[in-house]
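These notes are about the structure you will find just below.
The values are calculated or read from the model by the stated rules, or taken from the named source; none is laboratory data. Computed from a prediction, not measured in an experiment: that's the story for all the values here. Neighbour counts run over all protein chains shown; Cβ positions are idealised from the backbone, glycine included. Keep in mind that these areas ignore ligands, DNA and RNA; they rest on the heavy atoms of the full protein, side chains included. Shrake-Rupley method; radii C 1.70, N 1.55, O 1.52, S 1.80 Å.
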Amino acid sequence: MLLYLLQQETSSTELRTECAVVLGSLAMGTENNVKSLLDCHIIPALLQGLLSPDLKFIEACLRCLRTIFISPVTPEDLLYTDTTVISHLMGLLSRSRYTQEYICQIFSHCCKGPDHQTILFNRGAVQSIAHLLVSTSYKVRMQALKCFSVLAFENPQVSMTLVNVSVDGELLPQIFVKMLQRDKPIEMQLTSAKCLTSMCRAGAIRTDDPCIVLKTLPCLVRMCSKDRLLEERVEGAETLAYLIETDVELQRMASITDHLIVMLADYFKYPSSVSAITDIKRLDHDLKHAHELRQAAFKLYASLGANDEDIRKKIIETENMMDRIVNGLSESSIKVRLAAVRCLHSLSRSVQQLRTSFQDHAVWKPLMKVLQNAPNEILVVASSTLCNLLLEFSPSKEPILESGAIELLCSLTQSENLALRVNGIWALMNMAFQAEQKIKSDILRGLSTEQLFQLLSDSDVNVLMKTLGLLRNLLSTRPHIDHIMSTHGKQIMQAVTLILEGEHNIEVKEQTLCILANIADGTTAKELIMTNDDILQKIKYYMSHSNAKLQLAAMFCISNLIWNEEEGSQERQDKLRDMGIVDILHKLSQSSDPNLCDKAKTALQQYLA
């Protein structure tokens, strides 16, 4: 009935306005109310109302639309079904401070992701909203600021535009900095810090700009302190984690501002012990935010420790830190688990910590558990962490192997997800480094020859390089080389030929020639090269290549084949001489490249000995 009256052109404007007000009140009730209103197509009816000449009626329709759009049950896309709606809303921005407040609120709630940002940007949102930042109404300023924070988030195009926009002769970054000052309301400080953070991450503001170093970063650290509300502490920590994520200087600066590392430890203390809480409402509030607080703290610790060894040490020495991470890995909340794995990954970049804290807390156990059946986004970070735990100096390597890691990693190499394929093969590469023969055989068995070929023909160069790295690590130390080549020689030689003939970059070819040099170092494995004229011709070709790296790698192969003290060296030397290798060595011994020259002279001495 109300909707019917609202849409009747014949109803008086007063009546239609009252209808919009009552519908707005209904929308403020339960989510079911909003669902019912949406089912009755309230949004098209209210949007139609915006075409009325009467300002009071327009404001009532906008207020009701605002209430409906901020409800979690309303799909944001309903705002974008007709593009003329956005343009019409932009036009209404100049009508009154209420239209400004409600429209900005609608935009900031309905702008989710790059597609929405682009639509609003192309319809002139930046220019239309910028002047509202100096409005006399606090609510309008605040909603305009929120609009910019969602428009600029992870959006270089918007961020680069904002830097050059000025209002009343003042550039937007300067306006944002004024809004960061301590005397401004917290919500305003936080939101302007988010705007400046997005602009900085997009490269629109330099990381060493005073507005970041002296204003934005300290403001965000302040938001993490104990006297802020839990919601503010969550938002402050998450924004700061994003700001410093890729910049080591900002990480160092944050780590020494206001004892941040110790301050974050407090994020794990919610809800506080129940006996101390008499207020049941407060307990409910604390419980609700406890997950978010832990997630935010893990994220910020991950960013802080991303590059600097001393910062990682400080984080790990913070009270019960490793236990907290281990507990975080098995939390019910997927967001907390992901943040805990990220934090662990960041700390696992430290050789020192891998040898000490990681070992003391047997971190590998919960990590292996996480890897059993996690969603991809967790798997990617967890498998990256596992790569670090499998480095040769890490004491966790043995127990991880015993817990069935080879099988798990071999299955990752078959994933559709590129990052998981890379991590699976990378971890196997680390595992094979200086490993005993049994482990190497287990890896080859687990991977299967088909899968190895699949990886060597992967379209991603990263997968290819890591697979070659794995082969190189498998084919090291003589007995291992001979053993592996006796079981997989034919397939490995096929793979090597395939790559040397393919269209690959210098690094790939160099790595492949290094594998050949390793094979040439075997006792019986050598014969697989010596009896393969095709491969010998390829080695000869690369000795005269224009790239010195490839020439050097080819020379390693030759040196290993002609080394005097080894059985059959005379026959090998003769065969290679007949192929014209000695002539090339003479030529290379005159090379201007000292490495090539030395290597060629050493090889020629084998012929003279």
Practice task
Report, to the nearest 10°, how far helix 83-92 tilts away from the longest principal axis of the Cα atoms in the chain, using its own Cα long axis and a range of 0 to 90°.
Solution key: 50
Fill in the blank from the handout: Computed over the chain, protein heavy atoms only, probe 1.4 angstrom, the accessible area per residue in square angstrom equals 45
Handout entry: Whole-Å distance, taken between Cα centres, linking segment 488-542 and segment 364-418
Key = 31
Exercise for the section: Arrange the peptides 227-236, 462-471 so that the one whose residues have, on average, the most other Cβ atoms within 10 Å appears first. Expected result: 462-471, 227-236
Exercise for the section: May I ask for the net charge around Ser96, where only other residues with Cβ less than 11 Å from the Cβ of Ser96 are counted and Lys, Arg are +1 while Asp, Glu are -1? Expected result: +1
Problem - Overall form of segment 10-112 per C-alpha gyration tensor (a/c, 1.5; a/b vs b/c) - result: oblate
Handout entry: Protection-proxy order for peptides 587-596, 451-460, each taking the mean of Cβ atoms within 10 Å per residue, highest first
Key = 451-460, 587-596
Problem - Peptides 548-554, 501-507 ordered by average Cβ neighbours within 10 Å, highest first - result: 548-554, 501-507
Completion exercise
For the chain, the charge dipole (Cβ of Lys, Arg +1; Cβ of Asp, Glu -1; about the Cα centre) points to a positive end, and the Cα of Leu528, Ile439, Ala204 closest to that extreme belongs to Ala204
Completion exercise
1/(1 + (r/R0)^6) with r = Cβ-Cβ of Arg282 and Ser448, R0 = 56 Å, i.e. FRET efficiency to nearest 0.05, evaluates to 0.45
Practice task
Compute the signed sum of charges (Lys and Arg +1, Asp and Glu -1) over the other residues within less than 13 Å, Cβ to Cβ, of Lys438.
Solution key: -2
Problem - Heavy-atom SASA rank of Val336, Val381 (probe 1.4 Å, accessible area, largest first) - result: Val381, Val336
Handout entry: Carbon plus sulfur fraction of accessible area for the chain, probe 1.4 Å, in percent
Key = 52
Fill in the blank from the handout: In degrees, nearest 10, the alpha-carbon axis of helix 594-608 is tilted away from the dominant principal axis of the alpha carbons of the chain by 30
Problem - Size of charge dipole - segment 447-496 - debye, nearest 20, with Cβ of Lys, Arg +1 and Asp, Glu -1, no other charges - result: 200
Completion exercise
Along the dipole axis of the chain (charges at Cβ: +1 for Lys and Arg, -1 for Asp and Glu; origin at the Cα centre), the most positive-end residue among Val380, Gln251, Gln454 is Gln251
Practice task
Calculate how steeply helix 533-543 sits against the longest principal axis of the alpha-carbon atoms of the chain, using the helix alpha-carbon long axis, and give the answer as 0 to 90 degrees to the nearest 10.
Solution key: 70
Fill in the blank from the handout: With a 26 Å threshold on alpha-carbon distance, the violating pairs from Lys313/Lys440; Lys112/Lys194; Lys112/Lys288 are Lys313/Lys440
Handout entry: Cβ-defined net charge surrounding Ala265, 9 Å radius [Lys, Arg +1; Asp, Glu -1]
Key = 0
Problem - Sequence-distant lysines (8 or more away, or on other chains) whose Cα lies within less than 17 Å of Lys369 - result: Lys335, Lys397
Completion exercise
Under 16 Å by backbone N from the virtual spin label 7 Å along Cα-to-Cβ at Gln434, the residues of segment 335-359 are 351-352, 354-356
Exercise for the section: Give me the aspartates and glutamates in straight-line cross-link reach of Lys56: C-alpha distance below 17 Å, same-chain residues under 8 apart excluded. Expected result: Glu9, Glu14, Glu18, Glu101
Completion exercise
Sorted by chain and then number, the residues having a modelled amide H within less than 5 Å of the amide H of Val167, at least 5 places away or on another chain, are Leu172
Practice task
With all distinct Cα pairs included, what does the Kirkwood hydrodynamic radius of the chain come out to in Å, to one decimal, could you say?
Solution key: 29.1
